[in-house]
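The values are calculated or read from the model by the stated rules, or taken from the named source; none is laboratory data. In this text, all values refer to a predicted model and were calculated from it rather than measured experimentally. Heavy atoms of the whole protein, side chains included, go into the accessibility calculation; ligands, DNA and RNA do not. Shrake-Rupley method; radii C 1.70, N 1.55, O 1.52, S 1.80 Å.
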Amino acid sequence: MRGIFFDEDAARDVERQLAADGYEVEVARERYAGEDDDEDHPWAVLTDAPAIVLELLVDQHDGWLDDVVPDAAPPLVLPPAALPDSPKRLHRNE
């Protein structure tokens, strides 16, 4: 699970609380495409804590919860469909 916060202090506070409860936790900057200013990037708190625990902390610190699916299977790629070589005529000119 991952909690996203715009305030570094909130992210660090959540990190301390989760670590004190015995969960593994990591804090990193979340980089979104199109954002040039490093100060605008939010903080991501990645943890192995149960979703309800992180959700309660996210609510307390005005962040949001983001599901992370580790090692997600790649999308299924189907072979191309067989197409006709020429247009199909529906009416004959007789």
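Here are a few things to note about the model shown:
- Heavy-atom accessible area ranking, 1.4 Å probe, most first, across ASP62, ASP48: ASP62, ASP48
- Ranking by accessible area, most exposed first, for HIS91, HIS41, HIS61 with a 1.4 Å probe: HIS91, HIS61, HIS41
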